[in-house]
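Asks: Next up is a structure, given as structure tokens.
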């Protein structure tokens, strides 16, 4: 191995150490309990847009490597601990190799309150890590970070709000505006993601971190609906320079409604030709015990490091690891 490659690996090892230490220090300082959950699962959340990595062990299975510690962590909330966090590896099978690896590192946490408190805490975490890693901290990384409502971004960028529209009206609004790449096979969610990728992502792209709040109910399986608009959930995402860094929401704690959403998601997966998953009844029993508002957030630490160090590919921040 060339000396320059070894130096690069050594430097990134140090950077990742600083990142992980800062992350843990942040939560320790706020009284969080660090937990561990199982990576290997007998089933998986049936999100139509997230696919787990399937494995077999001694001919038994299938088992699934978790796409997030969410289900395991929510089961732990019934212990009575209301502030918990976990730093772990997760696995998701998807494309976009420049900014995504099948195996990546995540921090996920749960706390009392709603997504609004979680937005502020996510901002505090990013600023805390930036101050540990960067000297001096660039001004654009200093909080506060702007918060955009997604319906407002659509109105400003596309000229209409898609949330009150059914599938046909949404399709018609896009077609009237000459939007490319849509066809009669697209359902509402497909239209939404095409608009998001082709227009909305560019509209919010900035080196300055920003939050986008108010996401569609139809793509947010485990988030609580907003009281003022059942088509929208209490969910946010954090973006830095076009990269999705964090995802958080107020948790749905109604087991009956959660079961129905899982069943609907399995129906969608079957319609897409994808594997369906048995419902985890222990998970449903666990969320019923959460008797106060609770919010959860996940942060992709590899992407956060990419953004802070202004790297262009995920391979630059995960040295000595298989990129797939």
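Coordinate-derived values only; no laboratory data. Values in this document were obtained by computation on a predicted structure and should not be read as measured data. When we count neighbours, we look across all protein chains shown, and the Cβ atoms used for this are built from the backbone with ideal geometry, even at glycine.
Asks: Within 10 Å of each residue's Cβ, count the other Cβ atoms and sort 190, 58 from fewest upward.
Replies: Working: 190 14, 58 5.
Lowest count first: 58, 190.
Asks: Taking a ≥ b ≥ c as the square roots of the Cα gyration tensor eigenvalues, with a/c under 1.5 meaning rounded and otherwise prolate when a/b beats b/c, else oblate, which class fits region 39-83?
Replies: Values: a/c = 3.46, a/b = 1.76, b/c = 1.97.
Because a/c hits 1.5 or more and a/b fails to exceed b/c, region 39-83 counts as oblate.
Asks: Taking 8 Å as the Cα distance limit and 6 or more residues as the minimum spacing, I'd like the relative contact order of region 1-128 as a percentage. Walk me through the numbers on the way to the answer.
Replies: On the way: 140 pairs, mean separation 27.9, N = 128.
The value is 22 percent.
Asks: Over all directions, how big on average is the projection of the convex hull of the alpha-carbon atoms in region 89-162, in square nanometres?
Replies: The directionally averaged projection comes out at 7.9 nm².
Asks: While we're looking at this one, here's another question. For n ≥ 4 DSSP H runs only, could you compute -39500 (n - 2.57) per run for the chain, divide by its residues and tell me the 222 nm figure to the nearest 500?
Replies: Numbers: 10 runs with 117 residues, N = 324.
Theoretical 222 nm ellipticity from helices: -11000 deg cm²/dmol.
Asks: Still on this structure, please answer the following. With a/c under 1.5 counting as rounded, go ahead and sort region 156-304 into rounded, prolate or oblate using the C-alpha gyration tensor (a ≥ b ≥ c being the square roots of the eigenvalues; past the cut-off, prolate if a/b is larger than b/c, else oblate). Write down the numbers at each step before the final one.
Replies: On the way: a/c = 1.83, a/b = 1.30, b/c = 1.41.
Here region 156-304 falls in the oblate category.
Asks: Return the whole-Å distance between the Cα centroid of region 202-245 and the Cα centroid of region 33-87.
Replies: 23
Asks: Take every Cα pair under 8 Å in region 139-219 that's 6+ residues apart, average their separations, divide by the length, and report that relative contact order as a whole percent.
Replies: Working: 62 pairs, mean separation 41.8, N = 81.
RCO, region 139-219: 52 percent.
Asks: Let me ask something else. Tell me, 25, 265 in order of fewest to most beta-carbon neighbours within 10 Å?
Replies: Details: 25 13, 265 21.
Result, fewest neighbours first: 25, 265.
Asks: Using the number of other C-beta atoms within 10 angstrom as an exposure proxy, rank 119, 317 with the fewest first. Before the final figure, lay out the partial values.
Replies: On the way: 119 20, 317 24.
The fewest-first ordering by Cβ neighbours comes to 119, 317.
Asks: Normalising by the residue count of the chain, find the relative contact order in percent from Cα pairs under 8 Å and 6+ residues apart. Spell out each step's value before the answer.
Replies: On the way: 525 pairs, mean separation 74.1, N = 324.
For the chain, the relative contact order is 23 percent.
Asks: For the pair residue 33 and residue 264, how long in nm is the line joining their label points, each one 7 Å along Cα→Cβ?
Replies: Here the answer is 3.3 nm between the modelled labels.
Asks: Further question on the same structure: For Kirkwood radius over Cα pairs in Å, one of [x] 20.3; [y] 21.5; [z] 20.9 was computed from the structure I shared and the rest are decoys. Which label?
Replies: Of the listed options [x] 20.3; [y] 21.5; [z] 20.9, [z] comes from this structure.
Asks: Separate question: Would you work out if region 233-324 is rounded, prolate or oblate? Take a ≥ b ≥ c from the square roots of the eigenvalues of the alpha-carbon gyration tensor; rounded if a/c is under 1.5, else prolate when a/b is larger than b/c, oblate otherwise. Mind dumping the intermediate values first?
Replies: Details: a/c = 2.55, a/b = 1.66, b/c = 1.54.
Verdict is prolate for region 233-324.
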